[in-house]
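Shown next, in structure tokens, is the structure this report addresses.
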Amino acid sequence: MNILITGFDPFGGEKVNPALEAVKTLPSEIKGHQIDKLEIPTVFNDSIEVIKSQLEKKTYDIIIAVGQAGGRYEITPERVAINVDDARIPDNQGNQPIDQRIQDDGAPAYFTNLPVKRMVEAMRNAQVPASLSNSAGTFVCNHIMYQLAYLAAHLDHPVKTGFIHVPFAPEQVVDKPNQPSMAIEVMTKGLRIAIETSIEYDGDVEAVLGTTH
């Protein structure tokens, strides 16, 4: 089984992106399966083109993108991506699409086919703070999650795709009072557990992980 894990470069004035740092420190093999790591730009459209270039070299069974969600306390696998770019801030090339469809012939939304509830439970069992998220936002994180699902829907072989958000790293919150953070090594542990779970399970578990708002 071939597995691709991507991490975004820093954005929004930050010097680091904890998602990329955590991805970099993942092992090159998990449960006997090769783990390829890829840095992608925090840029609408360009981000998927970098992934497509990698897919021309190799066929993958699992593709998971990882991004920063400053303000969140936990590692949050995403359940759904929606077909809209609506940027609150510009991306790293100054693009700021407002209310734009990602794919004209795409579904209004795509649900991940990763076992996200199993991921959350496995991380929690390992004492890694985690929860299920039902919104990947409308910035480049949602964009790439949607693009990966759209791509998978048009490939001639099955592939599991999805997205995981991580919090700020501690060094990012020194000047951000009351903002939560998580050590990179804890993020890496959580991502490894999420990957292991994705390798082991195709279907998800019925668990009470929903939210009231």
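The values are calculated or read from the model by the stated rules, or taken from the named source; none is laboratory data. Here the structure is a predicted model, which means the values were calculated and not measured. With ideal geometry, Cβ positions are generated from the backbone for all residues, glycine too; neighbour counts draw on all protein chains shown. For the accessible areas, the whole protein counts, side chains as well, though only heavy atoms, and no ligand, DNA or RNA atoms are used. Shrake-Rupley method; radii C 1.70, N 1.55, O 1.52, S 1.80 Å.
Points to keep in mind about this one:
- Qualifying position, being of a type outside the set (D, E, K, R) and touching a helix residue (DSSP H, G or I) at 6+ places or on another chain (Cβ under 8 Å), among I89, I40, I98: I40
- Which numbered condition N142 fails, given (1) modelled with pLDDT under 95; (2) open to solvent by less than 30 Å² (accessible area, probe 1.4 Å): (1)
- Residue among G94, G67 that is among the small types (G, A, S) and within 12 Å of the chain's Cα centre (by Cα): G67
- All positions within the stretch 120-134 that are polar (S, T, N, Q), part of a loop (DSSP other than H, G, I, E, B) and touching a residue at least 40 places away in the same chain (Cβ under 8 Å): S131, N134
- Flag for P177 being modelled with pLDDT under 95 and more than 12 Å from the chain's Cα centre (by Cα): yes
- Pairs, first on the phi > 0 side of the Ramachandran plot and of a type in the set (V, I, T) in the stretch 80-106, second surrounded by fewer than 15 Cβ atoms within 10 Å (Cβ to Cβ) and part of a loop (DSSP other than H, G, I, E, B), C-beta under 8 Å, six or more apart: none
- Complete set of residues in the stretch 181-191 that are out of contact with any strand residue (DSSP E or B) (no Cβ under 6 Å at 6 or more places or on another chain) and surrounded by 15 or more Cβ atoms within 10 Å (Cβ to Cβ): M182, I184, V186, T188, K189, L191
- Test for G67: is it within 26 Å of V128 (Cβ to Cβ) and touching a Cys at 6+ places or on another chain (Cβ under 6 Å): yes
- Test result for L155, out of contact with any Leu (no Cβ under 7 Å at 6 or more places or on another chain), surrounded by fewer than 19 Cβ atoms within 10 Å (Cβ to Cβ) and either touching a residue at least 24 places away in the same chain (Cβ under 8 Å) or assigned to a loop (DSSP other than H, G, I, E, B) (or both): yes
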